[in-house]
Amino acid sequence: MRRWVTGLGLLVAAAPAAAAPPPPPEAFRAVAERPLFRPERRPPPVVVDSPPATPTLNAITTPPIAFVGTLTRRGRRVALVTADSPGRLTELGLGDEIDGWRVVRLEVDRLVLERDGRMVEYRLDLRRELR
């Protein structure tokens, strides 16, 4: 098959490019052993040596709550949080627990929970709320 190439107003016949030699049949051994359209074809098993997982203190997850605000009722300050469902508020006072976390500090714009020596702090941005 000849292709015609033009350049500078000349018409010249160009020879087709030489094809690379095919790979040896040994390169296709996996295809022969595991035909593409056979239902029992599966990828070869992967063997990974990994050490057993050890629990760490960092594996403790924070409680799934959203700190909504605070309220003072009968002289006692409580934090308003949503825990189970977004529309349902739960009240937490100093010393109360939720999912194993204990309330250790409660301020107008701040809620601090503690569990196994680990502290989690929630803050409200009151400046943003006043806009």
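The values are calculated or read from the model by the stated rules, or taken from the named source; none is laboratory data. The structure presented is a predicted model; accordingly, all values stated were derived computationally and were not measured. Note: ideal-geometry Cβ built from the backbone for every residue, glycine included; neighbour counts use all protein chains shown.
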Checklist outcome for this item: Expected single match for under 30 Å from residue 120 (Cβ atoms), modelled with pLDDT of 65 or more and not hydroxyl-bearing (Ser, Thr, Tyr) among 67, 28 is 67
Next on the checklist: Pairs please, first residue from segment 80-92 and closer than 18 Å to residue 105 by Cβ, second anywhere and in a loop (DSSP other than H, G, I, E, B) and modelled with pLDDT under 85, Cβ atoms under 6 Å, 6+ apart in sequence or on different chains.
Outcome noted: 90/83
Checklist entry - Within the group 95, 75, 87, which residue is in contact with a Lys or Arg (Cβ under 7 Å, 6 or more places away or on another chain), exposed (fewer than 11 other Cβ atoms within 10 Å of the Cβ) and not acidic (Asp, Glu)? => result 95
